[in-house]
Amino acid sequence: MSCPAADLVIRTPRLVLRRVRPDADLAGMHAVLSDPAAMAYWSTPPHVSEDQTRDWLAAMAEIAPGEGDDFIIEYQGRAVGKAGLYRFPDIGYILSPALWGQGLVAEALMPVITRAFAVHGLERITADVDPRNAASIRLLAKLGFAETHRAEKTWLIAGTWCDSIYFELTPQVWASRTA
């Protein structure tokens, strides 16, 4: 597996995907990660302090080469979310609710997925989604992910058990969708 380049920048028609800059990204990402709507189906409750977000950004910056490939989503010069693989082969994404419904996450994930297969040689990409997150389920289906199974009580978040739907995308399916 290839090392993620520290200075890698991916440009899409509306977005810049780049490596995390913990200090510069703190305000923008704290706005996202402290928003109850954005965090409704995330694996943790909303962040209550900038220190919590600072730690999250530091962990993102410290992803070891060959273990993940994660990007900050920048829109109109602001950090508004993240898309990538924090740990191979699991994909994850979050975006400011003010930007939902514009196709920005799909736009961000397309080069991330292509890179996961072409650069990192992944045999599959997986996703774990809360069954209540209909928008995320639709997005994954649009990108070619197929449901593999479901499980109950997989995440205990702020005292509430949440279930999971698991999805998978293979390079063969991705190639057939992007040909």
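Laboratory data are not the source of any read-out in this text; all were calculated from the coordinates shown. What you see is a predicted model; the values in this text were computed from it and never measured. Cβ: placed from backbone, ideal geometry, glycine included. Neighbour counts: every protein chain shown.
Once Rg and the Kirkwood radius are both taken over the C-alpha atoms of the chain, their ratio Rg/Rh works out to 0.93. 3J(HN,Hα) along the range 86-98: 4, 9, 4, x, 7, 8, x, 7, 8, 9, 3, x, 4 Hz, from the Karplus curve 6.51 cos²θ - 1.76 cosθ + 1.60 with θ = phi - 60°, whole Hz, x for Gly and Pro. Springs join every pair of Cα atoms under 10 Å in this Gaussian network model of the chain, and among LEU139, LEU85, LEU169 the largest mean-square fluctuation is at LEU139.
Cβ crowding within 10 Å ranks THR53, THR170 as THR170, THR53, fewest other Cβ atoms first. Among GLY92, GLY84, GLY103, the largest mean-square fluctuation in a Gaussian network model of the chain (Cα springs under 10 Å) belongs to GLY103.
Working from Cα pairs under 8 Å separated by at least six residues, relative contact order for the range 1-143 is 24 percent. Counting 0.36 nm for each residue step from ASP7 to TRP155 and taking away their Cα separation leaves a gain of 49.9 nm. Between THR44 and ARG177, the simple spin-label model (points 7 angstrom out along Cα→Cβ) gives 2.8 nm.
Given C-alpha coordinates of the range 98-179, what is the ratio Rg to Rh with the Kirkwood estimate of Rh?
1.01
The distance linking the range 152-179 with the range 49-75 is 20 Å (Cα centroid to Cα centroid, whole angstrom). Annotation for LYS142 and GLN76: the two label points, set 7 Å from Cα along the Cα-Cβ direction, are 2.0 nm apart. Most simply put, the range 1-126 has about 95% antiparallel DSSP beta bridges, counting only bridges with both residues inside it.
If you take all other residues with their beta carbon under 15 Å from the beta carbon of GLY77, and give Lys and Arg +1 and Asp and Glu -1, the sum is +3.
Calculate for the chain the 222 nm mean residue ellipticity that helices alone would give, adding -39,500 (n - 2.57) per DSSP H run of length 4 or more and normalising by residue count, nearest 500 deg cm²/dmol.
Using -39500 (n - 2.57) per qualifying helix, the result is -9500 deg cm²/dmol.
Volume per residue for the range 45-131 equals 119 cubic angstrom (convex hull of Cα atoms).
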